[in-house]
Every structure is written in structure tokens, then in C-alpha cells.
Amino acid sequence: MAATGLISESEAWIDLKDHVAEINKTHLRELLTDTSRCEGMIKEHDGILIDFSRQRATQKTMEKLFSLSKVAKLEEKIKKMFIGEHINSTEDRAVLHVALRAPRTEHIFESGRDVVPDVWEVLDKIKDFSDRVRSGTWVGATGKPLTDVVAIGIGGSFLGPLFVHTALQTEPETAKAARNRKLRFLSNVDPIDVARALNGLKQETTLVVIVSKTFTTAETMLNARTVRSWITSALGSNAVSKHMVAVSTNVKLVKEFGIDPENAFAFWDWVGGRYSVCSAVGVLPLSLQYGFENITKFLEGAWSIDQHFRTAPFENNLPVLLGLLSVWNASFLGCPALAILPYCQALQKLAPHIQQVSMESNGKGVTIDGKVLDYEAGEIDFGEPGTNGQHSFYQLIHQGRVVPCDFIGIIKSQQSVFLRNEIVSNHDELMCNFFAQADALAYGKTPEELRAEGVPDYLIPHKTFTGNRPSLSMLLPTLKPYTVGQLLALYEHRIAVQGFIWGINSFDQWGVELGKVLASRVRTQMNASRTKGKPVQGFNHSTTTLLNRYLKVRGL
Ligand code: F6P
């Protein structure tokens, strides 16, 4: 590598840049006729099948990407992650979310301490507590069982648990385990979200779980105080000990808030917020809803992918292949976005979760040692379940910008509907679209084909599809706790691979700080205006005008 040390100066990177011209000479229409290429690009692990053959890549591309992975020291970085090295160097922390799903018999060390017993101590505590709540042994202040849970948290303390909850809500076995129970999430500080989360709930049957790694996040703490007041106004201040528990790394602040440390569920600073769904952040609320046994299956699914990621050779390693191909798309083929398109309504919160994991992890402008990147890192993630997305933004993907797509299909649906007079069932109809969309993007439709169909000349440009638009197709056998865990870990590790190749720190998030500081300045001024009638000062013309309008109309 040359003087600056950026990977973009390496021979492997330059070689891939040059290779783009070669790939541009081919069309997916041709690439898909090469059966041996396609066979080599369909990979399987533990029931998950991923077909990469609709990526704009050949075996040669893959070899060049593997060379790039050597330059980036990918293998070494993966190893360092699993052995608890402080790879999050700007915060001097290990990145050990994989330890959260390790079986009891494993040993994973952080600063010389085996963290697996610590993980299981908390898991055992969650099992005990959730069993007691679910069985009605732990009751509220008036002696009634706590059937409803409100989990208060934001960002990583919300999106992962919501994703898993949404995925399990309609699965027959987990739905049965959740019968007569409710799980709500309160994330936004918006009073509308407070009203929505509490709507129809009664204090005497509600358990509140405050989820915050730091226990300082302004929105979460204000919501926690609001909901505490909702509880105590109906049940008295002693009710807090029965109706409020916390998940945090900061037990001191939990105690100061008024929650008995006995009712606090710990996790550790080697778990990043957006990677924390397998800690008490997700496991506690989800176990309260679905029972601890179901949630351990979710952890087992994630662990299966962890082991695959750690040990499988790169040519068969699903997260590595996903990560390398997404770097190829973003950094070489010029596609900065990724559409995550599950053909499964239960996965409707996958894209919002991955959006945070990916964009907060890899949205960086400098390398891990502080050098300004001369290439773009990070990827713009968005998505909706099919077929809804087809009737929304797919137009742009088919004829506008090139957006690589992840199509995710489930072979056996959680639900079945089949009317006797229909040709196919609802699920088969859904999956017809899953299979069709990937080919529509790859092949497109040529002017010649349109002419042969008798399309008038003036419509030919409008009806032409260029095709050659990359996607991958992933098939999962079912959507149960285990496969939800697998899917989660696949995406988590894919994002880590991207960051390792780009040479950035995927595990800090300094970019969220500035807005928080500025909000605090506004808060101070708003308070001064309300209590002392002080005029707004110190902001630019735009902010002063907007703030004054807001205060005037609000009557503050
Ligand atoms: O603002 C972003 C963030 O720091 C996320 O990384 C984190 O998941 C979220 O806020 C919530 O933080 P906490 O769990 O500490 O309340």
C-alpha cells in the first residue's frame, strides 16, 4: 500500500476499479446464461440459501474481492472481534455482541475476564423474572398479574427488539406463548407516541421496562419520567418497585432514578447499542412477551451464524460474501444504496433496524486511525416488505437509479390462506412476485422485444427496461425465533465486513453528538423564555425566526 495508507491506494483496490470496465461490457442477461457461474454463486448454510448470481460479478470479481479482503486484513479483524480485542479504538472498547449468544460452555474473554458466565448470570435472572411475571407470581401493586409491558428506549435500545417482536408476533407458536399479553414500545419523545404506547393500558396491569445503555438519553429519560408519573399518579410512589424495571450498563443512574438495583438487568460497554438486541435490551421484553425458551432459540440462531462467520472459508462465508459484494456495489459500481425487500410482512421492521445498524456503523468519513477517506463509506439502507414496495418505490429501481436489492423470501409462511377458487394461495402469490422481481431487474426489456409485441414507437422509450440491475435472493425455510436470529446475525456481520474493508471504525457513533449538544442549547433558551420571558439569542437568523414563531404560537 502507498504512503497515505488508504486502502484505495492498494493494488487490489485499483485492480477492482479497472475491472469495472470489463464488467460493464457484460449484461446480467449474459451472465445468467453461464450455469457454472450461477451454481458457484448459490451458497447455503444451516437452511439459509443465498443466490448471488444476479450480482454484477463474475468469479474473477470474487477473486479480486478476496484479494482486497487480504489487503484489508479481514480475517485478522474478524478474529480480533471474536477474541475481545478493543477494536472500537476511539472508545477503547471490545466489540463482543457475539458473546451475548454464546452457549454456557463457551469461553470468550474481554480484558482477561471470561464474559460468558456474566452473560448467563443475566440470562438466568431474565428467565427467573420473566417466568414469574408470566405465571403471575410477580404481581403489581394491587395484586394483579402484569399482562402488559411498555419498553421505553430509542435507537439501538428500541429498533432491534421491535424488529424481533414484529417477526414473532404472527408465528403460531410464539403467538400462542404471547396469548393475552401485550408488548408496546415507546421510543419517540413526541407526546403522540406516549399517547399511542399507553392507549388502553391500565397502570395496575402494566410493567414498564426502561431500556437505555447510558441511562442518560434525553428522550428516553423524559419518557421514563412521564410514564413513572402515569404509574404513580394511579398507584402511589411505592408502586415503582413492582411496575418499573430497567436495562442498562449504568446501574448507579438506574438507582438514582428510583429503581431497585435488584430490578435492573445489566449489560456491558463491550455491547454497542445497535448490536444490543441479544442482551437484556431485547431478551428481557421479548421473554416477557414470548417466554424465555423461545428467545433462547433466537439467540441460538444468531450463534449459528456467528460460528459460520468465524470459521467458514471466505468463498462459502455468507456474511463475508454479502459484505464484499456490497462494497463492490457501493465503492466500485457506484451504487450507494441498498433496498432490503422481505417478501414477508412479519419482517416489516427489518429494514428500519438494519438502517440503524448499517448507517450508524458505517456512515463515517475517516479511517479508524483518523485519515480522511478519499472514497465514500457507508450505504443508504431502506426497504419495505414486498409486494407493498412494488406499488411504491420500485418504479425508481426498475427504470430510474440503480439500487442493489436484497430479496428475502420465506418458504413456509407463518400463516396460510387459500381460497378454493384461486389458482395459488396468498403466500404463493407473494412468492411469485419474489421470484419475478429479481429477473425483471436483471433482464429488463429491450426495444426489440417491445416492437415484437407491437408496442407503438412513441411508447418504446417509456416501456424499455435497461435491466442489468443487481440483486440477491435469500430463501429462509421458515420465520421462527431461530431463523430470525440467523437473519439478524447475517446482517450484523455483513455490516462489520463492509467497515473492515473500508478501514473505518464501525462501532462508534460520534456523528450523533453534535445535534444533541445543539438541542440542549435550544432547551436552555426555551426554558429561559418560558420562565423569565427572556428573548431568544445566540442563534442565526433562520433559527431565531423559527424559534420565535414557535414560542409565540405556543404562548411560551
Ligand atoms: O443517538 C444514538 C444512540 O447513541 C444510539 O447509538 C443508541 O442506541 C441510542 O442513542 C440510545 O442510547 P441509550 O441506549 O444509551 O439510551
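Per-structure values
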{"read-out": "The chain: angle of helix 11-24 to the longest principal axis, Cα-based, in degrees nearest 10", "value": "60"}
{"read-out": "Equivalent-ellipsoid semi-axes of the range 412-556, from the Cα gyration tensor, Å, largest first", "value": "51, 27, 22"}
{"read-out": "10 Å-binned pair-distance histogram of the range 267-356 (Cα, whole percent)", "value": "13, 31, 41, 13, 1"}
{"read-out": "Residues ASP34, ASP508, ASP406, ASP124 arranged by fewest to most Cβ contacts within 10 Å", "value": "ASP124, ASP34, ASP508, ASP406"}
{"read-out": "Isotropically averaged projected area of the chain, using the convex hull of Cα atoms (one quarter of hull area), nm²", "value": "31.4"}
{"read-out": "Over the chain, relative contact order from alpha-carbon pairs under 8 Å, at least 6 apart, %", "value": "18"}
{"read-out": "Scattering curve values for the range 513-552, log₁₀ I(q)/I(0), Debye with Cα scatterers, q = 0.21, 0.35 Å⁻¹", "value": "-0.63, -1.24"}
{"read-out": "Burial ordering of HIS391, HIS308, fewest other beta-carbon atoms within 10 Å first", "value": "HIS391, HIS308"}
{"read-out": "Equivalent ellipsoid semi-axes - Cα gyration tensor, the range 32-152, angstrom", "value": "43, 24, 13"}
{"read-out": "Listed pairs LYS125/LYS297; LYS25/LYS73; LYS176/LYS255 exceeding 24 Å between Cα atoms", "value": "LYS25/LYS73; LYS176/LYS255"}
{"read-out": "Rounded D (µm²/s) - the range 171-212, Kirkwood Rh over Cα pairs, Stokes-Einstein at 37 °C, 0.692 mPa s", "value": "272"}
{"read-out": "0 to 90° range, to nearest 10: angle between helix 116-135 axis and the chain longest Cα axis", "value": "70"}
{"read-out": "Exposure proxy order (Cβ contacts within 10 Å, fewest to most) of CYS344, CYS278, CYS38", "value": "CYS38, CYS344, CYS278"}
{"read-out": "Positive-end residue of TYR482, GLN509, THR466, charge dipole of the range 460-528 with Cβ unit charges", "value": "THR466"}
{"read-out": "Viscosity 1.002 mPa s, 20 °C: Kirkwood-radius Stokes-Einstein D of the range 98-297 over Cα pairs, µm²/s", "value": "128"}
{"read-out": "Kirkwood-based Rg to Rh ratio, the range 316-453, C-alpha trace", "value": "1.05"}
{"read-out": "Computed over the range 187-242, Cα set: Rg, Dmax in Å", "value": "11.2, 30"}
{"read-out": "Relative contact order [Cα under 8 Å, 6+ residues apart], the range 98-297, whole percent", "value": "27"}
{"read-out": "Cα-centre dipole for the chain with unit charges at Cβ (Lys and Arg positive, Asp and Glu negative), debye to 20", "value": "2340"}
{"read-out": "Crossing angle, helix 59-71 versus the chain [Cα axis fit, 0-90 degrees, rounded to tens]", "value": "50"}
{"read-out": "Tail weight of P(r) past 20 Å, computed on alpha-carbon pairs of the range 470-556, percent", "value": "62"}
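Values quoted throughout were computed directly from the atomic coordinates according to the rules given, and no laboratory measurement underlies them. Just so it is clear, the model here is predicted, and its values are computed rather than measured. Note that each Cβ is placed from the backbone with ideal geometry, even for glycine, and that neighbours are counted across all protein chains shown.
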